[in-house]
Amino acid sequence: MNTTQRFEAYRAMLRIRRVEETIADRYSEQEMRCPVHLSIGQEAAAVGACAPLRKQDVIVSNHRSHSHYLAKGGALKSMIAEIYGRASGCCGGRGGSMHLFDNEAGVLASVPIVASTIPLAVGAAMAFQQRGQDSLSVAFLGDGATEEGVFHESLNLASLHRLPVVFFVENNLYSVYTPLRERQPDRDIANYALAHSLPCESVDGNDVDLVEAAMKKAADRARAGDGPTLLVADTYRWLEHCGPNFDNDLGYRTEEEYLQWRERCPIDLYRSRLAEGGIIDADQDRLLEKSIQSEILEAFDLAKASPFPDPLTVSQNVYA
Amino acid sequence: MPKPASTERQQSGAEGIRDALDIALEKNTSVFLIGEGVADPKGIFGTTTGLIDKYGPQRVVETPIAENGFTGVAIGAAMMGQRPVVIHQRVEFALLAMEQIVNNAAKTHYVSDGAHSLPLVVRLVVGRGWGQGPLHSQSLETLFGYVPGLKVLMPATADDCKGMLLSAIEDNNPVIFLEHRWVHYVQGRVPTGYHLSPIDGPKRLWRGEKVTVVSSSYMTLEAIQAARALSEEGCEIDLFDLRVLRPLKLDDVIESVRRTGRLLVVDTGWKILGPGAEIVAQVVEGCFEALKAPPQRLGLPDHPTPSSKSLAAAFYVRAEDIAIAAGALAELSRGSIERAASKLSAERQSHPIDVPHPSFQGPF
């Protein structure tokens with residue numbers, strides 16, 4: 001990435017972090033009346049994965065969709081309004097946090113059933129291939145999704161037809177409370193790619209430069225007609241699986257492990273790196289914080305001031 | 001309504017389906033077929049034969065054995081504006097894809113508040129006969145009919161096999177197209193070219209005043225035999241082929257029951273919790289005051305399909321069962337009912353129970 005792109009990547013990560021923190025802060029007001037799966041700690045994966053994508057490329061996200069949606073350029077106001085259940089939300093209040101999409105930005109869908117999204121991304125890639133377009137699709141999935149049959153069905157089919165799709169695994173080591181080591185034998189998740197004969201790469205998911213570089217290679221390959229890639233980005237979710245709180249007290253993971261990952265905060269790491277490179281200084285960072293905060297405040301204020309959907313519309317749009 | 005002979009031809013249901021697919025692929029480059037065996041030499045009971053040669057592997061997509069995967073792929077492509085036709089050679093294989101059908105296909109339009117449409121057709125074949133047993137002969141329309149957002153079609157005639165399939169491909173919703181294997185054999189006069197049968201609800205196939213009968217899919221072909229036999233006894237039934245299970249539109253059926261006061265429903269699948277149960281419920285809600293007798297239901301008994309022909313003999317509802325039930329509802333004399341039933345039995349006698357009846361030659 002050039003200097004501008006790296007600054008943008010930093011801004012995008014910081015923005016996602018502040019959005020998620022604001023949701024967490026205000027969640028107890030009980031006005032956001034839907035489950036929220038926050039992506040604090042995983043910002044570099046989402047931003048690095050979306051950085052090389054074009055507007056017409058599409059992504060498909062899962063239950064933890066906020067970071068993907070924002071990183072791909074999904075409209076913040078529509079997302080916050082959706083979480084508040086308002087008519088101006090991206091789903092008109094029908095989906096909530098787990099169903100974010102933005103057609104303009106190429107966020108095709110978010111689906112909160114683990115692995116259910118993966119074949120949708122393969123289908124989008126098949127559509128690109130059938131139309132002779134040089135676009136690609138990205139399936140965002142977690143480590144848990146690699147245990148589902150449809151993950152393997154999708155890799156096999158995409159590899160067979162050399163479809164322009166990237167399977168992007170955010171390995172945050174836990175499926176809700178169950179650690180990876182209790183769900184899979186000791187092996188590298190990226191090795192699944194060998195079974196399905198497609199290229200793979202594992203990257204430090206908290207280093208946005210590395211994630212972007214890996215994604216760039218995969219995207220170039222897809223555009224060139226050389227087929228799919230499996231990328232695995234190791235990262236860590238700081239908060240509970242679903243909700244605004246820390247939950248290390250439950251005992252499913254250790255405070256020590258959490259602190260080790262927190263030391264490797266993707267945003268702090270990148271801020272230091274950009275500062276060392278002279279790309280950002282403290283004043284610029286303050287200005288950035290300020291502009292992000294005011295954008296977020298505006299989105300929240302707007303959402304709360306927006307009307308709820310008309311109850312009379314509840315049975316509309318069952319059929320096209 | 002008779003159409004000029006020059007624009008029709010005699011076809012089987014399977015030929016009608018193949019014709020529809022060929023026409024749709026030709027007409028719209030967004031249409032593609034995807035499934036296990038779509039490109040193989042047998043071509044899904046002859047319904048896709050030769051299409052691979054004409055349209056190539058990107059539009060007649062042979063797949064790995066991955067029902068949930070390729071159904072999801074089709075849904076993703078449809079979300080992008082393609083118009084896939086998914087094919088599962090038995091309904092039971094689609095059970096592996098229920099997650100994609102129920103969670104994604106059926107919800108996409110609603111959850112996006114209309115921003116996405118999902119122009120998808122899922123062809124499912126219902127098996128019967130030749131000892132196929134419990135896992136190759138289930139008629140599971142209730143599972144799909146239960147889900148808002150899906151359309152569920154059950155053609156019974158060659159005309160509808162072609163015309164409803166073309167309508168389904170034109171439709172911007174996910175359409176489950178349930179083809180009974182024995183409806184593939186049914187013969188009829190079918191309009192040539194781009195022929196659309198509207199997917200608007202039940203169709204009256206026999207007009208009468210004595211009793212209203214609603215049947216679907218292959219059971220409609222048995223019901224027509226019953227209608228003929230009863231007619232010879234002077235009892236005319238008002239017979240509807242359901243055609244469209246979802247969205248269920250029973251206005252004409254309710255209007256009919258207002259006249260006849262009597263209702264018999266005949267399901268292709270199990271009687272308990274079958275579409276007939278819903279039809280009875282809606283008719284009772286709609287015109288309770290017009291009913292002269294309790295509505296009756298016929299359908300499969302409450303156990304899986306056995307394989308052996310000795311066990312299967314009594315399993316399926318037959319034309320004579322329909323004639324007996326409809327005749328009794330119509331308060332036809334015992335002698336007339338017996339004559340109608342034994343005539344139907346005699347016609348069937350020479351014919352094995354586990355292959356389609358040769359009398360189904362149409363036109364219907």
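The values are calculated or read from the model by the stated rules, or taken from the named source; none is laboratory data. What you see is a predicted model, and the numbers here were worked out from it, not measured in a lab. Cβ placement follows ideal geometry from the backbone for every residue including glycine, while neighbour counts extend to all protein chains displayed.
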(message) Please go through segment B:1-42 and give me each residue that is at pLDDT 95 or above, assigned to a helix (DSSP H, G or I) and among the β-branched types (Val, Ile, Thr), ordered by number.
(response) B:17, B:23
(request) Looking only at segment A:77-90, decide whether some residue is touching a residue at least 40 places away in the same chain (Cβ under 8 Å), within 12 Å of another protein chain (Cβ to nearest Cβ) and more than 20 Å from residue A:300 (Cβ to Cβ). (result) no
(request) Tell me which residues, restricted to segment A:93-106, are free of Cβ contacts under 8 Å to residues at least 60 places away in the same chain, more than 9 Å from chain B (Cβ to nearest Cβ) and not charged (D, E, K, R). (result) A:100, A:105, A:106
(request) Test residue B:45 against the criterion of being at pLDDT below 95 and not in a loop (DSSP other than H, G, I, E, B), and give yes or no. (result) yes
(request) Tell me which residues, restricted to segment B:169-184, are within 13 Å of the chain's Cα centre (by Cα) and outside any strand (DSSP E or B). (result) B:181, B:182, B:183, B:184
(message) If residue B:163 satisfies all but one of (1) surrounded by fewer than 21 Cβ atoms within 10 Å (Cβ to Cβ); (2) small (Gly, Ala, Ser); (3) more than 14 Å from every other protein chain (Cβ to nearest Cβ), what's the number of the condition it fails?
(response) (1)
(request) Output the helices (runs of 4 or more DSSP H) that fall wholly within segment A:249-320 and possess 3 or more residues being farther than 23 Å from residue A:24 by Cα, or say none. (result) A:266-276, A:282-305
(message) Within segment B:170-220, take every residue that is within 14 Å of chain A (Cβ to nearest Cβ) and touching a helix residue (DSSP H, G or I) at 6+ places or on another chain (Cβ under 6 Å) and give me the one that is nearest to residue A:319 (Cα to Cα).
(response) B:174
(message) Please go through segment A:139-197 and give me each residue that is among the polar types (S, T, N, Q) and farther than 19 Å from residue B:69 by Cα, ordered by number.
(response) A:171, A:172, A:175, A:178, A:184, A:191
(message) Anything in segment A:82-127 that is within 20 Å of residue A:314 (Cα to Cα) and in a helix (DSSP H, G or I)? List them, or say none.
(response) A:82, A:83, A:96, A:97, A:98, A:99
(message) Step by step: first the residues of segment A:130-150, then only those that are in contact (Cβ under 8 Å) with a residue 40 or more places away in the chain and part of a helix (DSSP H, G or I), then the one that is nearest to the other protein chains (Cβ to nearest Cβ). Which residue is that?
(response) A:145
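Scan A:109, A:115 and give me the residue that is within 19 Å of residue B:68 (Cβ to Cβ), touching a strand residue (DSSP E or B) at 6+ places or on another chain (Cβ under 8 Å), buried (at least 23 other Cβ atoms within 10 Å of the Cβ) and within 8 Å of chain B (Cβ to nearest Cβ).
After applying the criteria, what remains is A:109.
Going through B:341, B:277, B:314 one at a time, which residue ends up being more than 23 Å from residue B:208 (Cβ to Cβ) and not in a loop (DSSP other than H, G, I, E, B)?
Just a single option satisfies the conditions, and that option is B:277.
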(request) Could you tell me which of the residues A:315, A:294, A:306 is without any contact (Cβ under 8 Å) to a residue 12 or more places away in the chain and either crowded, with 16+ Cβ neighbours inside 10 Å or within 14 Å of chain B (Cβ to nearest Cβ) (or both)? (result) A:315
(request) Of the conditions (1) at pLDDT 95 or above; (2) more than 10 Å from chain A (Cβ to nearest Cβ), residue B:114 clears all except one; give me its number. (result) (2)
(request) Of the conditions (1) at the interface with another protein chain (Cβ under 10 Å from one of its Cβ atoms); (2) of a type in the set (A, V, I, L, M); (3) in a strand (DSSP E or B), residue B:85 clears all except one; give me its number. (result) (1)
(request) For residue A:158, state whether it is at the interface with chain B (Cβ under 10 Å from one of its Cβ atoms), crowded, with 24+ Cβ neighbours inside 10 Å and more than 16 Å from the chain's Cα centre (by Cα). (result) yes
(request) With a cut-off of at least 3 residues that are at pLDDT 95 or above and of a type outside the set (A, V, I, L, M), name the strands (runs of 3 or more DSSP E) lying wholly within segment B:203-245. (result) B:203-206, B:237-241
(request) Give just the number: which of (1) part of a strand (DSSP E or B); (2) in contact (Cβ under 8 Å) with a residue 40 or more places away in the chain does residue B:156 not satisfy? (result) (1)
(request) All but one of (1) out of contact with any strand residue (DSSP E or B) (no Cβ under 6 Å at 6 or more places or on another chain); (2) under 17 Å from residue A:233 (Cβ atoms); (3) polar (S, T, N, Q) hold for residue A:65, so report the exception by its number. (result) (1)
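Yes or no, residue by residue, for (1) under 23 Å from the mean Cα position of the chain (by Cα); (2) surrounded by fewer than 24 Cβ atoms within 10 Å (Cβ to Cβ); (3) in contact (Cβ under 8 Å) with a residue 24 or more places away in the chain:
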site: B:44; (1), (2), (3): yes, no, yes
site: B:49; (1), (2), (3): yes, yes, yes
site: B:61; (1), (2), (3): no, no, yes
site: B:72; (1), (2), (3): no, no, yes
site: B:88; (1), (2), (3): yes, yes, yes
site: B:99; (1), (2), (3): yes, yes, yes
